[in-house]
Each structure stands twice: as C-alpha cells, then as structure tokens.
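Heads up, the thing below is written out as structure tokens.
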Amino acid sequence: MTKSFPASAGIALFGAVLALAGCGGGSSNSPTTPLVTPPPITPPPPPAPPVVVVDPQYLASALSPFAAGCDGVAAAGVLYVNAEVEPYLAINPQNTHNLAAVWQQDRWSSGGARGIVSGLSLDGGVTWNQHAMPFTRCGGGTIANGGDYARASNAWMSFAPDGAAYQLALAFDGQALAAGSVSAVLASRSGDGGKTWGANVTLIRDVATAFNDKPAILADPTNAKFVYAVWDRLTTSNFGPSYFTRSSDSGASWETARPIYDPGLNNQTIANVVVVLPNGTLVNLYTEIDTATNGITTTFLALIRSTDNGVTWSTPIKVADMFSVGTRDPDTGTAIRDSSLVAEIAVGPGGSLNVVWQDSRFSNGARDGIAISRSIDGGFTWSAPTRINSVATTPAFSPFVHVRGDGMIGVTYYDFRSNTTDRATLFTDYWLARSSDGMTWQENQIASPFDLALAPVTTSPGTGGFFLGDYQGLASVGTLFVPLFAQTNSGNTNNRTDIFAAPTISVTSGAAAMTSRSEVSNTTSSVTSMQITPELQQRVHENTLRVMQHRVPGWHGNAQSQSAPQQ
C-alpha cells in the first residue's frame, strides 16, 4: 500500500539533498563529487489500533462439538468451523449468578449454522459450560425428537420469574419456498436454570409454501404461567404476517400458532419481538416492509398491543420511519451483514418503552447511526428519534438495548472509529452507551479494536457481508450491565469468532449520578435538517433488498425465492 505524506515532508527532503550537493566547496578547481542517489523511501505501515484498557472479558464459547458431515447433506457454501455468532443472554431472577445464553455454532456462508449451542454460567459469567441443542442433526436432532434439520439460526432465550428458562430457534432444511423445503420454530424448556433442557416442542412447521423467520421468545415477567413466541412468516402467495403462539401452563403445552397482524399483499413484517409492561400489557414491536406498485420498498417501525395476554391485539401504532442504508467497510466498500431491519425494544421499571435501531437520518443518508425513540404512555405516542452514537462521522451498527432496574438505559453497538487506512483490515470497537433520560449519553468501551474482516461471510448472488449476528446480548444484575457479544480472534482463521461476556464492573453509577462528558453525542443537531430525497429513498430501498436477499435469496418485494435460505 502507498501512503501519502504532507507536502512539507517532501520539501524538507528535497532541501537536504541540495545542501549535500553544495558541500564540496566553491572552487572550480575542486574535484567533482557525483551526487549520491538516496535510497527509496519505504512508507511506514499503517498504525495499529490503539491499545484500550477494558473490563475483563470471559470466554463463553468453545471449540465446535460437531463432527464433520453431521448435517447429513451436501451443501454449497463455506463452512466456518468453530465460528460462533449471534448470541442472546438471559439472567435468572431467582439466582443472578446464573446466566444462560444461546448462539449459532459453525456458521455457513450460505446461511444459518450447523446448530445451536446453549451456554451456562453459575458464577456471574466468569466460567461457562456449553451444551449442543438437538434442534439440528449436528446437535443430536432426529425424526423422533423433532430436530431432524440441517441448519438453525435466530436463537433466543428468556427466564420466567420462577427461574424456569425457555429458548427457541429457527430450524430449516432445503431451499427456501422450494419443493421439499422445510422451516420450523422449535422451543425447549429448562427447569433447572439451563443445566438440562427438555424435549423439543415444534411451534410451527411449514413445507415449501411458507418460510418462518426471526423468532423471539419471552417468559412473562409478571406471570410465570405465560410464555410468548413471535416471528414473521413469508409465503409463496406474497404475504408476510406476524405470527404468535403462547403457553399458558409454563411451557407444558402451546397453542396453535396464528397471525396477529397482516400487512397485506406484497408487504411483510420482520424482527417481531414482544415485551411486557409492568401492568401485564403485551407490546409486539416489528419492522414493516411495504412494496409500492412501482416496486420501491419503504420500511417503518410499528407495534401492536394486547391487554389479555395475547388473545386479542390492537390496531398498529407507528413508532418511526426507518432510513437505514446499511453498513460498509469505509475503505473497500465491502458490505457488513448488520442489523439494518432489526430494531430492539426494552421496558423500563416505570413502564417506559425504549426502541433502538440503525438509521441514516442523522447524516442525511450518508451512513447509519444508532437511533432511539421512547414512549412513556405504554406505546401510544413516541418521541422524535435522537442519536446515541457519539462519533457521527463513522458508521455505527447492530444496537441492542436493555434497561436496568434503576432506570438506566444501556445500548451496545459496534463502530469503526478505531479503523486504520489499511484496506486489508477492518478494526471495529464495541461500545456501551448509558443514559438516564435517553438524551445525554456516556460511553465506555467493551471490546478493544478487533479485525471484523476475519468474521464469517454471508453470501448470496451479488451480495455478501461480514457477519457477527443480527443481534447481540445485553442484560443486567443490579447496577451491573452484562454485555454478551461476538468478536473475531486476531489472525486465527481456524477459529474466527468467539462469544464473550464482559460484565462492566467499572461502570456501576446510578441513574441519578449521570452527567454528560465530551463524547456525549449531540442528539438533536441532525434531526431537523434531514431531507427525504428520492436519492435517499432509493438507497433505503436498495439496502432493504440487499438485506432481504441475504435472508431469502431472490427476494424482491416479497416475491417467491428458489434459493437456499440466508439466515
């Protein structure tokens, strides 16, 4: 790589050569001394990212437990053995030393992973045990136990107030929406804090004509009998409604899955996630993708509410428009498989709702930042989106939100502020931003800069991207935030990524003690200046197509796909 130098450096060097040439004396009788050509100047290598002192990080994942060829099918794509991505974390309210997590194990470039692994810690996240779930053949799934699938994705975890744990995942086989393809949402329950898990329960299973995507599970924090699951379901007839099921007997049985919101022909929802307010009201947040007659897509965030534990649901309430343009390597333009269409929601102790997502509104469409909108009336009205990430000049992506018991809001995200000009690397940081009011934010660094260019790559025709997950984990114990996240291992192509827990022991100030500092973002400066131009709308549209084609190759405005799923 050639590195440029300031003009003053060249002038100084040129002057030094001239001075050397005149040092032989001024007499015409002096012997002529030929000029010596200086050796070529080799530019120094790009600077390494700064060394950052962070809180201790504890390794949660381990080497793959899966045998070669365990999925039983020949599959196209690159298999990243030992690569773990997309973790989710839950903490047992009966024993806060008991942490349980799930993640994808052995990621495929062509979508999904060979299986789901569940992690368990009984000492607050310091040491971990791993257990392969029988959601796929590699994890021990069979026809008899309901886990006879080649791949899995989108694992999610929740603890009930009585200490029971629940998890689910998407399991699938074959080509999405093609003859013989299968997609299912599988769940499992643990009565001992995640040490052992019960039999698989199939919440839905579709063959060929529908594809289930992005499931999430929640044990009702106000009533241990109720457990809820939501996802989106794409069909060959171009519908994409939100689907829902529940258990009212602590997971012993589940109701037949059903749609709870249908956006209509050629439209769909994605990234459904349900939370429960302190009064027991359910709130289901989702991203809606609408396709106009000219084929242009628009995206926005909305929710529906239920006051009877999911029996009936309200009409939609809009939260905000979504203007994500997606994330790319600033130097090479390589795409990042980020969280462009995936918003997250968290409930505060007083019933406030906090939604975060990627959005380019703060840079007039130049790059994505991290947006937040809040509601203090149960989701009926929402604040204008404001920016969380403190460095507005670099892309920020993949946020996750959690609210501590004292009301402190925590948001984790990745950005490129430590990246260098070396095109062969992509140094990435992981941050925790904290706020007591959703307007002023303090940050601390969770992970030292790591090279995202080592991450597994997802591929589909004409697209691709470095992938750490559609989401990461974040929870809390008292005033301690506990992020769980994926990062790359420097130079180790045989073990590209691992999952780490990083309890933020150095950051335990209460919400009342929050004060702003220099890197707090100016959360209002760019909101009013945004211009929704046709160019911006086109970029948002192109990003939506790119993201959906990662998930279901061939997707075009909710059209049918005949290619392998890209979860």
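The values are calculated or read from the model by the stated rules, or taken from the named source; none is laboratory data. Just so we're clear, the structure is a prediction, and the values are computed from it rather than from any experiment. Don't worry about glycine lacking a Cβ; one is built from the backbone with ideal geometry, like all the others, and counts go over all protein chains shown. Protein only, heavy atoms only, side chains kept; ligands, DNA and RNA dropped before computing areas. Shrake-Rupley method; radii C 1.70, N 1.55, O 1.52, S 1.80 Å.
Listed residues A176, A184; which is part of a loop (DSSP other than H, G, I, E, B), in contact with a Ser or Thr (Cβ under 6 Å, 6 or more places away or on another chain), more than 26 Å from G348 (Cβ to Cβ) and open to solvent by less than 10 Å² (accessible area, probe 1.4 Å)?
From the options A176, A184, the qualifying one is A176.
Anything in the range 202-238 that is open to solvent by 10 Å² or more (accessible area, probe 1.4 Å) and in contact with a Lys or Arg (Cβ under 8 Å, 6 or more places away or on another chain)? List them, or say none. If the condition is that a residue be open to solvent by 10 Å² or more (accessible area, probe 1.4 Å) and in contact with a Lys or Arg (Cβ under 8 Å, 6 or more places away or on another chain), then I204, D206, F226 are the ones that fit. Exactly one residue among A433, A392 is over 24 Å from Y88 (Cα atoms), at pLDDT 95 or above and among the aliphatic types (A, V, I, L, M), and that residue is A392. Of all the residues in the range 305-356, those that are out of contact with any Leu (no Cβ under 9 Å at 6 or more places or on another chain) and more than 19 Å from T428 (Cα to Cα) number 11. Among the residues of the range 152-161, is there at least one that is open to solvent by 10 Å² or more (accessible area, probe 1.4 Å), assigned to a loop (DSSP other than H, G, I, E, B) and either under 29 Å from A455 (Cβ atoms) or touching a residue at least 60 places away in the same chain (Cβ under 8 Å) (or both)? Checking the range 152-161: at least one residue is open to solvent by 10 Å² or more (accessible area, probe 1.4 Å), assigned to a loop (DSSP other than H, G, I, E, B) and either under 29 Å from A455 (Cβ atoms) or touching a residue at least 60 places away in the same chain (Cβ under 8 Å) (or both). When S306 is tested against (1) open to solvent by less than 30 Å² (accessible area, probe 1.4 Å); (2) in contact (Cβ under 8 Å) with a residue 60 or more places away in the chain, only condition (2) is not met. Among the conditions (1) surrounded by fewer than 19 Cβ atoms within 10 Å (Cβ to Cβ); (2) modelled with pLDDT of 95 or more, G462 misses just one, which is (2).
Taking strands (runs of 3 or more DSSP E) that do not extend beyond the range 218-326, which have at least 3 residues that are over 23 Å from A164 (Cα atoms), in contact with a strand residue (DSSP E or B) (Cβ under 7 Å, 6 or more places away or on another chain) and not basic (K, R)?
227-235, 258-261, 268-276, 282-291, 297-306, 317-321
How many of the residues making up the range 458-487 are assigned to a strand (DSSP E or B) and either in contact with a helix residue (DSSP H, G or I) (Cβ under 8 Å, 6 or more places away or on another chain) or small (G, A, S) (or both)? Looking only at that region, the number is 10. Restricting the first member to the range 137-151 and to residues that are in contact (Cβ under 8 Å) with a residue 12 or more places away in the chain and among the aliphatic types (A, V, I, L, M), and the second to residues that are open to solvent by 60 Å² or more (accessible area, probe 1.4 Å) and part of a loop (DSSP other than H, G, I, E, B), the beta-carbon pairs closer than 9 Å and six or more apart or on different chains are A150/G72; A150/V73. For I91, state whether it is among the aliphatic types (A, V, I, L, M) and over 23 Å from the mean Cα position of the chain (by Cα). Spelling it out, it is not the case that I91 is among the aliphatic types (A, V, I, L, M) and over 23 Å from the mean Cα position of the chain (by Cα).
For residues in the range 36-75 being among the aliphatic types (A, V, I, L, M) and surrounded by fewer than 10 Cβ atoms within 10 Å (Cβ to Cβ), which is modelled with the lowest pLDDT?
To start, the set of residues in the range 36-75 that are among the aliphatic types (A, V, I, L, M) comprises 36, 41, 48, 51-54, 59-60, 62-63, 67-68, 73-75.
Cutting the leftovers down to surrounded by fewer than 10 Cβ atoms within 10 Å (Cβ to Cβ) gives us 36, 51, 53, 67-68, 74.
Values: V36: 59, V51: 72, V53: 82, A67: 96, A68: 94, A74: 72.
The residue in question is V36.
When the range 162-173 is examined, which residues are found to be open to solvent by 10 Å² or more (accessible area, probe 1.4 Å) and in contact with a Phe, Trp or Tyr (Cβ under 7 Å, 6 or more places away or on another chain)? D173 - this is the single residue of the range 162-173 that is open to solvent by 10 Å² or more (accessible area, probe 1.4 Å) and in contact with a Phe, Trp or Tyr (Cβ under 7 Å, 6 or more places away or on another chain). The set of residues from the range 488-513 being at pLDDT below 90 and either crowded, with 18+ Cβ neighbours inside 10 Å or not in a loop (DSSP other than H, G, I, E, B) (or both) comprises V507, A511, A512, A513.
Among the residues of the range 437-444, is any open to solvent by 30 Å² or more (accessible area, probe 1.4 Å), closer than 18 Å to A486 by Cβ and touching a residue at least 24 places away in the same chain (Cβ under 8 Å)? No. Which of the residues that make up the range 240-252 are open to solvent by less than 20 Å² (accessible area, probe 1.4 Å), among the small types (G, A, S) and modelled with pLDDT of 95 or more? Within the range 240-252, S242, S247, G251 meet the criteria. Select from the range 94-117 the residues that are surrounded by fewer than 22 Cβ atoms within 10 Å (Cβ to Cβ) and among the small types (G, A, S) and list them in ascending order. Those that are surrounded by fewer than 22 Cβ atoms within 10 Å (Cβ to Cβ) and among the small types (G, A, S): S109, S110.
Within the range 327-352, being of a type in the set (A, V, I, L, M) and either out of contact with any strand residue (DSSP E or B) (no Cβ under 7 Å at 6 or more places or on another chain) or part of a loop (DSSP other than H, G, I, E, B) (or both) holds for L341, V342, A343. If the condition is being of a type in the set (K, R) and crowded, with 19+ Cβ neighbours inside 10 Å, then the range 187-198 contributes only R189. Strands (runs of 3 or more DSSP E) fully within the range 359-431 that include at least 1 residues being open to solvent by 10 Å² or more (accessible area, probe 1.4 Å) and either in contact (Cβ under 8 Å) with a residue 40 or more places away in the chain or hydrophobic (A, V, I, L, M, F, W, C) (or both): 369-375, 396-403. Evaluating N543 against the criteria (1) at pLDDT 90 or above; (2) open to solvent by less than 10 Å² (accessible area, probe 1.4 Å); (3) farther than 20 Å from V52 by Cβ; (4) not in a loop (DSSP other than H, G, I, E, B) leaves one unmet condition, (1).
Taken over the range 119-133, the criterion of being buried (at least 24 other Cβ atoms within 10 Å of the Cβ) and closer than 16 Å to L170 by Cα is satisfied by M133 alone.
Check whether at least one residue in the range 253-269 is farther than 19 Å from P215 by Cα and open to solvent by less than 40 Å² (accessible area, probe 1.4 Å), and report yes or no.
So the first thing to find is which residues in the range 253-269 are farther than 19 Å from P215 by Cα, and the list is 264-266.
Subset that is open to solvent by less than 40 Å² (accessible area, probe 1.4 Å): 264.
Yes, the conditions are met somewhere in the range 253-269.
Residue check: I289 meets all listed conditions (1) in contact (Cβ under 8 Å) with a residue 12 or more places away in the chain; (2) open to solvent by 10 Å² or more (accessible area, probe 1.4 Å); (3) closer than 26 Å to W382 by Cβ but one, namely (2).
Conditions (1) under 23 Å from the mean Cα position of the chain (by Cα); (2) farther than 22 Å from D192 by Cα; (3) aromatic (F, W, Y), marked per residue:
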| position | (1), (2), (3) |
| --- | --- |
| N98 | no, no, no |
| S109 | yes, yes, no |
| N129 | no, no, no |
| A144 | no, yes, no |
